[in-house]
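Colleague: The structure follows.
The values are calculated or read from the model by the stated rules, or taken from the named source; none is laboratory data. Only a predicted model underlies this, so the values are computations on that prediction, with no experimental measurement involved. Cβ: placed from backbone, ideal geometry, glycine included. Neighbour counts: every protein chain shown. Heads up: the accessible areas ignore ligands, DNA and RNA and are worked out on the full protein's heavy atoms, side chains in. Shrake-Rupley method; radii C 1.70, N 1.55, O 1.52, S 1.80 Å.
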Amino acid sequence: MRLVLILSLLFSSSTMARHDFYTSIGQMTDLLFTEKDLVTSLKDYIRAEEGKLEQVKKWADKLNGLSNMATLDPEGFLGHPVNAFQLMKRLNTEWGELENLVLTDMSDGFISNLTIQRQYFPNDDDQNGAARALMRLQDTYKLDTNVLSTGQLPGLSSAASFKSTLTADDCYDLGKVAYSEADYYHTELWMSQALRQLDQGEEPASVDAITVLDYLSYSIYQQGELERALDYTKRLLKLDQAHQRANGNLKYFEYQLAKQKKAEESEKQESGQRDKGETETTKGRPADYLPERKKYEQLCRGEGIKMTPRRQSRLFCRYFDNNRHPKYVIGPVKEEDEWDQPRILRYHDIVSEQEMDKVKELAKPRLRRATISNPVTGVLETAHYRISKSAWLAAYEHPVVDKINQRIEDITGLDVTTAEELQVANYGVGGQYEPHFDFGRKDEPDAFKELGTGNRIATWLLYMSDVPSGGSTVFTDVGAAVRPKKGSAVFWYNLYASGEGDYRTRHAACPVLVGNKWVSNKWIHERGQEFRRRCNLTETA
C-alpha cells in the first residue's frame, strides 16, 4: 500500500520546470537511459519482494502442516514437551520475526531512486506537445490515422525492430488533446481510430466505447454533421440507455436536424438550387495563420517543386577550389548546384564523422528550446512553429569549432569574424521550423541592432545526420526542396549586392517524420564583407 501511495503522489504531481523534452530527440535519448535505470531499480525491488514472499511462503507451508497435525489431537501433541517448548518459542519469538519481515519495506531503494529521477521527467506540456507533433505529421504528410497507429510510416523499414503501434487508449489520449484545444477535426480522426480498434476486439487499459462515442458524436456535431452525430449518439445509448448527456443530445440533435431539413426544403422550393441533404459544414483542419501552408506542406512531401527539366539541365556538380585557394588547390571540395534562382549550393563531405560527433557532444548538454525574434518587440521567445532545441558554440571553445568556422570562410570567401557563433540545432518529435526569413526585413529595423554587425548576408547550413523521412529544407517562394545529407552543407545569400533582402530565400525546415535531425548553421553578417561582396555577389535587387 505504501508503494502504491508514493507512486500515486509522485505521478500526480507535475514538475514546475519547463523542460520541453519533446523539442529535441537528442535530449530525449537521455530519458531512455533514465527509464532503463528505473526499470533496473524496479526489478531489484521485485526480486527483493519475491525473496521476502518466498520466505513467508516457506514459513506458512511449514506451519500449515504442523498446525493441521497438531489440531487433530491438541492435548496429545502438547503432551510432548518439545512440542510445547516450540509452541512457546514460535509465538514468543518466531512470529515476531515474521512480523518484522512482512513489515519490512523493500521499496525504499526504488522509491528513493524514483524520487530523485522524477524531477527530470517530462511534464504535461511535453506529453501534449508530442501529441500535437503526431497530428502535425499526420497533416503535413497526409497520413491516415491507421498508418500512424500501426507504425507503418513512410521511410521506415517494415522489418525495423523499433517500429511501434498505438493502443486504443493512446488514440483516445490524442483525441482528448485535440478536443482540449477545440480542434474537433483531429478529435474526430483519433476518436474514430480508437473506436475502430475497440471494435476490432482490442482490450483497452482504461477507455471504453461509451466514452469514445461521447467525444466522437460531439466533435462531429461541432463540424456541422448532424446526421452522423445523431447516429453515434444512438449507438452510445444502445450501450448505456441511462447516459444523461447522450439522452439530452439525442433530443437536441433530432430537433436541430428536423429544423435543418425543413429549412433546406423551404430553400429548395424557393430557389431550386440546393439538392436534398446538402448541408453547411465546418469540417476540416482548424483555421490557419500561415498563408503558404498548402505550398509548404506540398514541398515537404516532395510535391510542387518548380524546377523544370530545362532549368535542371543547367545545374552542375564540380570540384571547387575558390579561385585556387591554397587549401583547396590539391584537394578541392565537391560543389553541387541545388537551385538556380536564388542560387543554392551544396558542398558534399565537408566535415568528418569525428568533427560532427564532437560538435554534437559539445552542444548536447547546452541544448535549450529554440527561440525566434518577436517582429514587434524584438524579444526572443519560444514559438509553436519552431520545434527544436539549439546551442551556441564559440570558436574558442574547441579546435573543431574553430576549424569549421575557418572552413566556411575559406569556401565562401566571406569573413566570419563578424558572423554569429555556430548554432547547433536538434529537432524533436515532428520537429520543424515553419517558413521564415533569416535576414531582417524593413519592418524589423532593429532585428540585429544589438550585434552591431549589420544584416545576415548569407546562411551556411550543415547537415549532421541523415533523415530517413521528412526533415527537408524547403524554399516556399521558389518551390525548392533540399534533402538532408549527413556531412554536407548548403549555402545561399540572403541579400542582393545592393543590401536589399532577397525574399525568394524564405525557407522552412519540414517536420521530421522518421529519424533524428541534427544541423548546425552559421549566419554571416554584412560587416567586413564590403570587398568580398563586390567579388562574390553578382545579382542586384
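Colleague: Lys/Arg Cβ at +1, Asp/Glu Cβ at -1, dipole of the chain taken about the Cα centre: which of Gly109, Tyr463, Leu63 is farthest positive-ward?
Modeller: Of the candidates, Tyr463 comes out farthest on the positive side.
Colleague: Helix 108-118: angle to the longest alpha-carbon principal axis of the chain, degrees 0 to 90, nearest 10?
Modeller: 20 degrees
Colleague: Which value, in debye to the nearest 20, describes the size of the charge dipole of segment 136-272 about its Cα centre when Lys and Arg Cβ atoms bear +1, Asp and Glu Cβ atoms bear -1, and nothing else is charged?
Modeller: Numbers: 15 positive and 22 negative charges, 33 e Å.
Dipole about the Cα centre, nearest 20: 160 debye.
Colleague: Using a 1.4 Å probe, what is the accessible area per residue for the chain, in Å²?
Modeller: Result: 54 Å² per residue.
Colleague: While we're looking at this one, here's another question. Go through Gln27, Phe316, Ala481 and say which Cα lies farthest out towards the positive end of the charge dipole of the chain; charges sit on Cβ, +1 for Lys and Arg, -1 for Asp and Glu.
Modeller: Sorting the options by dipole projection puts first Phe316.
Colleague: With no solvent and one equal point scatterer placed on each C-alpha of segment 305-375, evaluate the Debye formula and give log10 I(q)/I(0) for q = 0.12, 0.24 Å⁻¹, two decimals.
Modeller: With no solvent term, the Cα-only Debye profile gives -0.61, -1.00.
Colleague: Keeping the other protein chains in place, figure out the carbon and sulfur percent of the accessible area of the chain, with a 1.4 Å probe.
Modeller: Working: 15550 of 29350 Å².
Reported share for carbon and sulfur atoms: 53 percent.
Colleague: Which semi-axis lengths, in whole Å and largest first, follow from the square roots of five times the eigenvalues of the Cα gyration tensor of the chain?
Modeller: Values: eigenvalues 675, 317, 72 Å².
Each semi-axis is the square root of five times an eigenvalue, giving 58, 40, 19 Å.
Colleague: Quick one: Debye curve from the alpha-carbon atoms of segment 353-494 only, equal weights, vacuum; give me log10 I(q)/I(0) at q = 0.13, 0.18 Å⁻¹ to two decimals.
Modeller: Those come out to -0.63, -1.35, one per q.
Colleague: Let me spell out the model: positive unit charges on the Cβ of Lys and Arg, negative unit charges on the Cβ of Asp and Glu, origin at the Cα centre of segment 414-457. What dipole size does that give, in debye rounded to 20? Intermediate values should be presented prior to the final figure.
Modeller: Values: 4 positive and 9 negative charges, 19 e Å.
Its charge dipole is roughly 100 debye.
Colleague: Can you give the angle from 0 to 90° between the axis of helix 244-271 and the longest principal axis of the chain, with both taken from C-alpha atoms, to the nearest 10?
Modeller: Computed tilt is about 40 degrees.
Colleague: How far is helix 168-180 tilted, in degrees, relative to the longest principal axis of the Cα atoms in the chain, given as a value from 0 to 90 rounded to the nearest 10?
Modeller: With both axes taken from Cα atoms, the answer is about 60 degrees.
Colleague: Shifting gears a bit: Could you order the peptides 181-192, 496-507, 308-319, 96-107 from most to least packed, using the average number of other C-beta atoms within 10 Å per residue? The partial results should precede the final answer.
Modeller: Details: 181-192: 21.7, 496-507: 16.9, 308-319: 9.6, 96-107: 12.7.
Peptide ranking by packing, descending: 181-192, 496-507, 96-107, 308-319.
Colleague: Once every DSSP H run of n ≥ 4 in the chain is given -39500 (n - 2.57) and the sum is divided by its residues, what mean residue ellipticity at 222 nm do you get, rounded to the nearest 500 deg cm²/dmol? List each step's numbers first, then the result.
Modeller: Details: 18 runs with 243 residues, N = 541.
Rounded to the nearest 500, it is -14500 deg cm²/dmol.
Colleague: From the cross-link list Lys334/Lys522; Lys327/Lys403; Lys449/Lys522; Lys403/Lys486; Lys36/Lys486; Lys36/Lys58, which pairs have alpha carbons spaced over 21 Å apart?
Modeller: Numbers: Lys334/Lys522 19 Å; Lys327/Lys403 12 Å; Lys449/Lys522 18 Å; Lys403/Lys486 18 Å; Lys36/Lys486 29 Å; Lys36/Lys58 33 Å.
Beyond 21 Å: Lys36/Lys486; Lys36/Lys58.
Colleague: Projected onto the charge dipole of segment 179-254 (+1 at Lys/Arg Cβ, -1 at Asp/Glu Cβ, origin at the Cα centre), which of Leu230, Val207, Ala182 gives the Cα projection farthest towards the positive end?
Modeller: Farthest towards the positive pole: Leu230.
Colleague: Follow-up question, since we're still on this one. For the chain, with only Lys/Arg (+1) and Asp/Glu (-1) charged at the beta-carbon, what is the dipole magnitude about the Cα centre, in debye rounded to 20?
Modeller: Values: 71 positive and 80 negative charges, 302 e Å.
Roughly 1460 debye, rounded to the nearest 20.
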